[in-house]
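Reviewing the structure listed below.
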Amino acid sequence: MPYNRRKFIKGMAVAAAGIPFSGALAAGAGSMEKSRYPISFFTKPLDTYELEFMSESLAMAGVDGFDLTVRPRGRVIPERVQDDLPRVIETGRKHGLSTEMMVTAITDAEDAFSKKILTTAAQFGVKHYRLGYYDYDFATGIPKSLEQIKRKLSALAAINGEAGIQGGYQNHSGIRVGAAMWDVWELINAKPVCIISSQFDIRHAVTEASASWVIALQLLHKHIGSLAIKDFVWKVENGKARVVSTPLGEGIVDFDRFFGMVKDLKIAAPITLHAEYPLLTRDEENLSLLEQQKILVAKLKKDVDFISTYLEKYQLV
């Protein structure tokens with residue numbers, strides 16, 4: 001999407017009086033070290049925008065940093081990681097945003113770009129990355145599939161330890177490895193959490209285990225390296241249920257119970273905020289960048305404030 005910074009800033013100056021969140025840029029993003037629960041934003045929904053626009057918008061929304069897509073079709077593609085990752089990190093830093101988290105498609109140490117991505121990222125201060133997903137080999141069977149994946153994770157753990165970066169495997173609803181959260185524990189429980197961890201996704205946990213997600217959180221709590229926060233509702237159409245993503249607090253995730261358990265289990269981990277609901281309608285996509293930004297920032301800031309309210313409620317800050 002075309003973006004002219006000079007025109008944009010001029011437009012911002014003219015319209016500032018009409019922007020209710022105009023003070024958020026100065027008050028928003030702080031250093032990741034200032035909190036045990038820094039809030040980074042999973043950048044996928046904003047990756048099509050120019051980098052300056054994305055950075056300014058996220059800073060205005062009050063997040064602490066990027067959870068940056070460093071993968072095929074991401075903000076940074078693997079082939080360009082040594083050139084583009086430092087540029088993105090520096091742009092974010094200009095707006096008060098840290099880049100201590102990233103999302104990758106890495107599943108195998110032998111893949112062409114795995115080591116280059118991890119060593120480059122660690123060199124520039126990235127501390128945590130989300131792995132890609134594994135699939136079960138149903139012909140081989142579940143137990144043997146897990147043994148094969150363990151070997152791949154051991155090889156990645158060696159790179160992580162050498163580079164000084166933590167990998168995190170996200171539990172994701174569906175039929176891939178990790179939807180059944182006992183399998184996540186089976187894969188990572190023998191590895192130091194500082195190099196291989198769980199990215200505990202509360203939405204996907206509730207999707208797969210409406211009530212028993214609390215058991216999974218108990219099981220995994222000592223292995224959690226990051227917390228993915230999002231919300232959803234079930235919608236039934238023609239006798240079939242499907243997941244519909246919502247802004248935080250508008251769905252069925254029990255955030256009181258979740259954050260209460262985070263406190264009781266003494267889980268301290270960075271948060272990645274996922275906005276998987278539509279940030280703009282089709283009509284809104286045709287608005288000016290300034291008008292789009294007003295809408296984007298208002299929605300994202302609402303989610304950030306929601307998380308902050310719960311962190312304060314449970315004395316996690």
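Quick notes on this structure:
- For the chain, the Cβ-based charge dipole about the Cα centre amounts to some 360 debye (Lys, Arg positive; Asp, Glu negative; other atoms uncharged).
- Over the residues of the chain, the helix contribution to mean residue ellipticity at 222 nm works out to -12500 deg cm²/dmol, using -39500 (n - 2.57) for each DSSP H run of at least 4.
- Here residue 313 is the anchor, and the aspartates and glutamates within straight C-alpha reach of less than 20 Å, apart from those fewer than 8 places off in the same chain, are 64, 231, 250, 254, 256, 264, 303, 305.
- Electrostatic tally near residue 179: other residues with Cβ closer than 15 Å to its Cβ, Lys and Arg +1, Asp and Glu -1, net -3.
- Shown in residue order for the stretch 220-229 are the 3J(HN,Hα) couplings computed by the Karplus curve 6.51 cos²θ - 1.76 cosθ + 1.60 at θ = phi - 60°: 9, 4, 7, 10, 7, x, 7, 10, 9, 10 Hz (x for Gly and Pro).
- For the stretch 284-295, 3J(HN,Hα) computed residue by residue from phi via the Karplus equation (6.51, -1.76, 1.60; θ = phi - 60°) reads 5, 5, 8, 6, 5, 4, 4, 5, 4, 5, 4, 5 Hz, glycine and proline entered as x.
- Antiparallel DSSP beta bridges within the chain, as percent of all bridges there, nearest 5: 20
- Near the amide H of residue 168, within less than 5 Å, lie the amide hydrogens of 129, 130, 131, 197, all on another chain or at least 5 residues away, with H placed in the peptide plane.
- Under 5 Å from the amide H of residue 224 lie the amide H atoms of 198, each residue being 5 or more positions distant or on a separate chain, with H modelled from the backbone and absent for Pro and chain starts.
- Above-threshold pairs, the threshold being 23 Å between Cα atoms, out of 152/230; 230/294; 127/294; 44/266; 44/302; 127/302: 152/230; 127/294; 44/266; 127/302
- Taking every DSSP bridge with both residues inside the stretch 155-283, close to 40 percent are antiparallel.
- Order by protection proxy (mean Cβ within 10 Å, highest first), peptides 40-47, 276-283: 40-47, 276-283
- Net charge of Cβ neighbours under 14 Å - reference residue 136; Lys, Arg +1; Asp, Glu -1: -1
A short reminder: the numbers here are calculations on the coordinates, not readings from a lab. Owing to the predicted nature of the structure, the values given are computational and were not obtained by experimental measurement. Positions of Cβ are backbone-derived with ideal geometry, glycine not excepted, and every protein chain shown enters the neighbour counts.
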